[in-house]
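Q: First, the structure itself, so that you have it in front of you.
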Amino acid sequence: DTAVSQTPKYLVTQMGNDKSIKCEQNLGHDTMYWYKQDSKKFLKIMFSYNNKELIINETVPNRFSPKSPDKAHLNLHINSLELGDSAVYFCASSQGQGAIGYEQYFGPGTRLTVT
Amino acid sequence: GQNIDQPTEMTATEGAIVQINCTYQTSGFNGLFWYQQHAGEAPTFLSYNVLDGLEEKGRFSSFLSRSKGYSYLLLKELQMKDSASYLCAVGGNSGYALNFGKGTSLLVTP
């Protein structure tokens, strides 16, 4: 069974479009995250949710809107896509606070290409 | 803010020992993590240090000095499958934001 799953794995779209990425975890974790990894492999936190509540929003443009319908899901919707949004987006989850000792489990990533 | 530095690339020989260093300057500190990421795959957890000293886990060990803002990951008996990117990450004030360094790409050669 996949612990953290994301769909789609690849996403190719044109500038200006709106797209969503879905994430689900079956680990029973309370906390979920979205990260962006750019072409230089730099992994940067975007959002953190705990029990469906937004905890962290790391100065991400408001074109990005996360939604957590329940503890097991954290989806990412992106409006008006730009070329600079091209990256790999990783979803992750942890049992507790993932910056204080709790291991984060990452999904396989969604490679977004904006043309 | 957070400033996390690690070498961009390293090369080592199969069977050898390699040490990957990480220095950090942060406004808050809740511990230091090391993650491994193979090309095209997701990061996976390797270690967590919150107190000074060495934590050993099989072929991998991680060291932390909080006063020096310094950590290293030590990989022994290198195997070809250890070729990957190694990410140093520091937990920030909130407890939820994990800030990563830019990663060290390790190439293990025969």
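Q: What number of residues within segment B:77-93 satisfy the criterion of being more than 14 Å from chain A (Cβ to nearest Cβ) and surrounded by fewer than 14 Cβ atoms within 10 Å (Cβ to Cβ)?
A: The number of residues fulfilling the criteria is 4.
Q: Please count how many residues of segment A:22-38 are away from every other protein chain (no Cβ under 12 Å) and of a type outside the set (A, V, I, L, M, F, W, C).
A: Of the residues in segment A:22-38, 6 are away from every other protein chain (no Cβ under 12 Å) and of a type outside the set (A, V, I, L, M, F, W, C).
Q: Sort through B:Y48, B:Y96 and tell me the only one that's within 8 Å of chain A (Cβ to nearest Cβ), assigned to a loop (DSSP other than H, G, I, E, B) and of a type in the set (F, W, Y). Working first, answer last.
A: Values: B:Y48 fails: assigned to a loop (DSSP other than H, G, I, E, B).
Exactly one residue qualifies, and that residue is B:Y96.
Q: Could you run through segment B:58-74 and say how many residues are over 10 Å from the mean Cα position of the chain (by Cα), assigned to a strand (DSSP E or B) and touching a residue at least 40 places away in the same chain (Cβ under 8 Å)?
A: 1
Q: Next up: Which strands (runs of 3 or more DSSP E) sit wholly inside segment A:45-115 and have at least 2 residues that are crowded, with 19+ Cβ neighbours inside 10 Å and more than 10 Å from chain B (Cβ to nearest Cβ)? Show your work before the answer.
A: Numbers: elements: A:53-57, A:64-70, A:73-78, A:87-94, A:110-114.
Correct list: A:73-78, A:87-94, A:110-114.
Q: Sticking with this structure for a sec: May I ask you to list pairs of residues, at least six apart or on different chains, whose Cβ atoms are under 6 Å apart, with the first in segment B:7-22 being loosely packed, with under 15 Cβ neighbours inside 10 Å and the second being hydroxyl-bearing (S, T, Y) and at pLDDT 95 or above?
A: Sorted first by the residue in segment B:7-22, then by its partner, the pairs are B:E9/B:S105; B:T13/B:T109; B:Q19/B:Y72.
Q: One residue is enough: does segment B:4-18 have a residue meeting the conditions at pLDDT below 95 and assigned to a loop (DSSP other than H, G, I, E, B)?
A: Checked segment B:4-18: no residue is at pLDDT below 95 and assigned to a loop (DSSP other than H, G, I, E, B).
The values are calculated or read from the model by the stated rules, or taken from the named source; none is laboratory data. What you are looking at is a predicted structure, and each value in this text was computed from that prediction instead of being measured. Here the Cβ is made from the backbone with ideal geometry for all residues, glycine too, and neighbour counts use every protein chain on show.
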